[in-house]
Amino acid sequence: MTKAEFPSAFSNAPGQRNIDLASEIERLRKERNAVILAHYYQAPEIQDIADFVGDSLDLSRKAAATDADVIAFCGVRFMAEVAKVLSPDKTVILPDMNAGCSLEDSCPPEEFAAFRAAHPDHISLTYINCSAAVKAHTDIIVTSSNAEYIISQIPEDKPILFAPDQHLGGYIKRKTGRDNMLLWEGSCIVHEQFSEKELLKLKAQYPGAPVAAHPECPAHILDHADHVGSTSSILTFASTSGADVIIVATEPHIMHQMEKARPDKTFIGAPGADGNCNCNMCPFMALNTMEKLYASLRDLSPRIELPEDIRLRALKPLERMLEMSPPSNGGRNTGDLSNIAPAQLEV
Ligand code: 13P
Ligand code: SF4
């Protein structure tokens, strides 16, 4: 293979000249007994080299079950932290440690602890897009694929604190009619960029094309959606829908899997404010590159390390999530809430 034939396989980064990244990653994966886990928002070449691609819940389950020595997590930091919480004996590497998340940033642990302390009678359900320190103050973690299912197991009269995504929280509140949900006002900078005006123009251009949206989108976008769900569920909808053209209102890299699954269909990303921007690409996910994945496998760095007390406290609400998730996702539905609450309030 020459560089001219496969230019994207080679790196021009200093110190990495003429390295065939895909082959080197393959070699290191075997040498390190590593598993590469990737989120759907990663660049296509990373998705293609990964052992497993999935949504936050799928990836958590894979991280908990793997027998690899090293987990190379191609996603954002909170996802890699979840892998470390669930698999503490593994070496967990993240190609770029700056791969954060605006939802995590919107919920500092001290402010969240104060919010909880101010509402001692509420149970706290927290979206997995938060730091391990926030998880440590939480009763149950949820993802976009199990939030509604888990909330349906909380007694109707039990008030809920939902953080940090106001849009996911608002969507569930509207859908379930649960007025006793208090929402933290965080949001995703990526999903907030979709423009209702531009979406309506696109729908007019493609009459009958269904819209599939992630629940991190604001209500004015979700109101126009035919399907709302996690990245995995959007992918399933797009692949199984009878429509030839599907409008996708989430980070556009997921369309790589859609195009692979259904090359016969047309997938169109919902537009941002000026109708033609890249503002709905996740800048945090984009920090991971093939070069950085290669370097992280070579150096086993950057590594996720967590204080053991935080890890143990973050583990409880994650285990509850796994127990309370839909059986079809491999979880066990106990609905047992008897041991939840006061201990989690300790700071
Ligand atoms: P999913 O769990 O649906 O993959 O969502 C993760 C995420 O960060 C979406 O922005
Ligand atoms: Fe966070 Fe939004 Fe990026 Fe998802 S798309 S990782 S919620 S910033």
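Of the residues that sit in segment 79-102 and are among the aliphatic types (A, V, I, L, M) and within 13 Å of ligand 2 (Cβ to nearest atom), which one is farthest from the chain's Cα centre (by Cα)? Break it down stepwise before answering.
Initially, segment 79-102 is screened for residues among the aliphatic types (A, V, I, L, M), giving 79-80, 82-83, 85-86, 92-94, 97, 99.
Now narrow it down to the ones that are within 13 Å of ligand 2 (Cβ to nearest atom): 79-80, 82, 94, 99.
Numbers: M79: 7, A80: 10, V82: 11, L94: 14, A99: 12 Å.
Ranking the candidates gives L94 first.
What about E26, is it more than 21 Å from A286 (Cβ to Cβ) and either of a type in the set (V, I, T) or at pLDDT 85 or above (or both)?
Values: more than 21 Å from A286 (Cβ to Cβ): yes; either of a type in the set (V, I, T) or at pLDDT 85 or above (or both): yes.
The answer is yes for E26.
Are any of the residues in segment 226-235 at pLDDT 95 or above, assigned to a loop (DSSP other than H, G, I, E, B), touching a strand residue (DSSP E or B) at 6+ places or on another chain (Cβ under 9 Å) and among the hydroxyl-bearing types (S, T, Y)?
no
Would you point out which residue out of I254, I268, I234, I189 is over 26 Å from A163 (Cβ atoms), out of contact with any Asp or Glu (no Cβ under 7 Å at 6 or more places or on another chain) and of a type in the set (A, V, I, L, M)?
Values: I254 fails: over 26 Å from A163 (Cβ atoms); I234 fails: over 26 Å from A163 (Cβ atoms); I189 fails: over 26 Å from A163 (Cβ atoms).
Matching residue, one of I254, I268, I234, I189: I268.
Within segment 230-243, which residues are touching a residue at least 24 places away in the same chain (Cβ under 8 Å) and within 18 Å of C282 (Cα to Cα)?
Passing the criteria: S230, T231, S232, L235.
From the residues in segment 87-107 that are within 24 Å of W184 (Cβ to Cβ) and among the aliphatic types (A, V, I, L, M), which one is surrounded by the fewest Cβ atoms within 10 Å (Cβ to Cβ)?
In this case the residue turns out to be A99.
Taking the stated definitions as given, is I221 assigned to a helix (DSSP H, G or I), touching a Leu at 6+ places or on another chain (Cβ under 9 Å), in contact (Cβ under 8 Å) with a residue 60 or more places away in the chain and within 16 Å of ligand 2 (Cβ to nearest atom)?
Numbers: assigned to a helix (DSSP H, G or I): yes; touching a Leu at 6+ places or on another chain (Cβ under 9 Å): yes; in contact (Cβ under 8 Å) with a residue 60 or more places away in the chain: no; within 16 Å of ligand 2 (Cβ to nearest atom): yes.
The answer is no for I221.
Is it the case that some residue within segment 80-93 is away from ligand 1 (no atom under 16 Å from the Cβ), in a strand (DSSP E or B), touching a Leu at 6+ places or on another chain (Cβ under 9 Å) and on the phi < 0 side of the Ramachandran plot?
yes
List the number of the failed condition for E111; all other conditions in (1) in contact with a strand residue (DSSP E or B) (Cβ under 6 Å, 6 or more places away or on another chain); (2) in a helix (DSSP H, G or I); (3) over 24 Å from P326 (Cα atoms) hold.
Condition (1) is where E111 drops out.
Output the number of residues of segment 206-218 satisfying the condition of being among the charged types (D, E, K, R) and free of Cβ contacts under 8 Å to residues at least 60 places away in the same chain.
From segment 206-218, those among the charged types (D, E, K, R) are 216; that's our starting set.
From what's left, free of Cβ contacts under 8 Å to residues at least 60 places away in the same chain: none.
Count: 0.
Restricting the search to segment 236-247, which residues are outside any helix (DSSP H, G or I) and surrounded by fewer than 22 Cβ atoms within 10 Å (Cβ to Cβ)?
Residues satisfying the conditions are S241, G242, A243, D244, V245.
Would you tally the residues in segment 283-298 being within 11 Å of ligand 2 (Cβ to nearest atom) and either touching a Ser or Thr at 6+ places or on another chain (Cβ under 7 Å) or assigned to a helix (DSSP H, G or I) (or both)? Walk me through how you get there before you give the answer.
First, pick out the residues of segment 283-298 that are within 11 Å of ligand 2 (Cβ to nearest atom): 283-287.
Narrowing the set further to residues that are either touching a Ser or Thr at 6+ places or on another chain (Cβ under 7 Å) or assigned to a helix (DSSP H, G or I) (or both) leaves 285-287.
Total satisfying the criteria: 3.
Filter segment 57-78 for residues that are within 16 Å of ligand 2 (Cβ to nearest atom) and assigned to a loop (DSSP other than H, G, I, E, B) and give the result.
The first filter runs over segment 57-78 and keeps only residues within 16 Å of ligand 2 (Cβ to nearest atom), leaving 57-60, 73-78.
G75, V76 - these are the residues of segment 57-78 that are within 16 Å of ligand 2 (Cβ to nearest atom) and assigned to a loop (DSSP other than H, G, I, E, B).
Can you find, within segment 147-188, the residue that is surrounded by the fewest Cβ atoms within 10 Å (Cβ to Cβ) among those that are within 16 Å of ligand 2 (Cβ to nearest atom) and assigned to a loop (DSSP other than H, G, I, E, B)?
Within segment 147-188, the match that is surrounded by the fewest Cβ atoms within 10 Å (Cβ to Cβ) is E185.
Identify the single condition in (1) under 15 Å from L57 (Cβ atoms); (2) touching a strand residue (DSSP E or B) at 6+ places or on another chain (Cβ under 6 Å); (3) not in a strand (DSSP E or B) that L125 does not satisfy, given that it satisfies every other one.
(3)
How many residues, within segment 39-48, are in contact with a Leu (Cβ under 8 Å, 6 or more places away or on another chain) and of a type outside the set (S, T, Y)? Spell out how you get there, then give the answer.
Residues of segment 39-48 that are in contact with a Leu (Cβ under 8 Å, 6 or more places away or on another chain), as a first pass: 39-40, 46.
Filter once more, so that each one left must be of a type outside the set (S, T, Y): 39, 46.
Going through segment 39-48 one residue at a time, the tally reaches 2.
Being outside any helix (DSSP H, G or I) and basic (K, R), is that true of even one residue in segment 251-266? Full working, then the answer.
Filtering segment 251-266 for residues outside any helix (DSSP H, G or I) gives 251, 262-266.
So of that shortlist, the ones also basic (K, R) come out as 262, 265.
Yes, segment 251-266 contains a residue that is outside any helix (DSSP H, G or I) and basic (K, R).
The conditions are (1) more than 20 Å from C101 (Cβ to Cβ); (2) within 10 Å of ligand 1 (Cβ to nearest atom), and A238 fails exactly one of them. Which is it?
(2)
So in segment 18-45, with the set limited to residues that are within 16 Å of ligand 1 (Cβ to nearest atom) and either surrounded by fewer than 22 Cβ atoms within 10 Å (Cβ to Cβ) or part of a loop (DSSP other than H, G, I, E, B) (or both), which one is farthest from the chain's Cα centre (by Cα)?
Narrowing segment 18-45 to residues within 16 Å of ligand 1 (Cβ to nearest atom): 37-43.
Still in the running and either surrounded by fewer than 22 Cβ atoms within 10 Å (Cβ to Cβ) or part of a loop (DSSP other than H, G, I, E, B) (or both): 40-43.
Working: Y40: 8, Y41: 8, Q42: 11, A43: 15 Å.
If we take residues in segment 18-45 being within 16 Å of ligand 1 (Cβ to nearest atom) and either surrounded by fewer than 22 Cβ atoms within 10 Å (Cβ to Cβ) or part of a loop (DSSP other than H, G, I, E, B) (or both), then A43 is farthest from the chain's Cα centre (by Cα).
The values are calculated or read from the model by the stated rules, or taken from the named source; none is laboratory data. Everything numeric in this text was worked out from a predicted model, so none of it was measured. Glycine also receives a Cβ, built like all others from the backbone with ideal geometry; neighbour counts cover every protein chain displayed.
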